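Here's the structure we're looking at; comments come further down.
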Amino acid sequence: MPLEKPPLVTVSPGEPVTAQAWNALVNGLSALYDAVIALGGETVQITVASGGTAVRDATVIATPTDGGTPVAALPPFGTAEAYTLAGLTPGTWRLHVAALGFVPRTTDVQVPVAEPVAVQLELDGARMPDLFGRAASEAVTVLRDLGIQIERILDTTGNDMPVAGAAADLGSEPVLLQLPEPGIVVRRDERARLVIAAALEVEPVVEMPDLKGLTLAEATKVLEDLGLVLGSTRSLG
């Protein structure tokens, strides 16, 4: 409960203390006791995880079920993995646990409690896999299997690649950049973006024949048969 400062009355030596002043003093001491008692001395450790992985960016708030002031937990620090709720009074407290990318969770805990309270969160989507170096067709298949929608695919020349078509249409060009980054939870209303290497255009090549000893007409004919065009010529003699 909030502590309110009562009206204080000063008296001179020898003057009697009025009943009003005495009552104000008693009421102030009573309010002080209530406020100190309301602070509580119980501490509760909360571990938050999802699928065996600790969630270190959660918000943990406890509210007394019989009414009172909510208490926010201190986040983990250093090598610690537990959130700390301090200053709780004995009784039933309702824990509200939330983290970006996860479904919020509410659970009741009876204080005091000796062991840390374990809270499991469910993903509100899927974790972004590490796609760097994977073939574009494979990366698209992996994302679709996870239920992650793709917003856009660009190659390194800035060309938009087909998103709605078959994954095999993208070929084997590797993924160079992905958004979000690996490990980030992609919610159901979010979409991923990929940047892939540009496809190389292979020009047809032919083996240059040996033209030594041929006349100009003969050499031209050989080159034309191979699909080559003779350029300008000049005598080296």
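Does Thr141 satisfy the condition of being without any contact (Cβ under 8 Å) to a residue 40 or more places away in the chain and under 30 Å from Val103 (Cα atoms)? Yes; evaluated as a whole, the condition is true for this residue.
Among the residues in the range 79-95, are any touching a Leu at 6+ places or on another chain (Cβ under 6 Å), in the same structural domain as Pro116 (by TED's automatic domain parsing), at pLDDT below 95 and over 27 Å from Asp124 (Cα atoms)? Looking for residues that are touching a Leu at 6+ places or on another chain (Cβ under 6 Å), in the same structural domain as Pro116 (by TED's automatic domain parsing), at pLDDT below 95 and over 27 Å from Asp124 (Cα atoms), one finds at least one in the range 79-95, hence yes. In the range 109-122, of all residues being in contact with a Ser or Thr (Cβ under 6 Å, 6 or more places away or on another chain) and surrounded by fewer than 17 Cβ atoms within 10 Å (Cβ to Cβ), the one that is nearest to Val44 (Cα to Cα) corresponds to Pro116.
The values are calculated or read from the model by the stated rules, or taken from the named source; none is laboratory data. Since we're looking at a predicted model, the values are computed, not measured. Please note: Cβ atoms are built from the backbone with ideal geometry, for glycine as well, and neighbour counts cover all protein chains shown.
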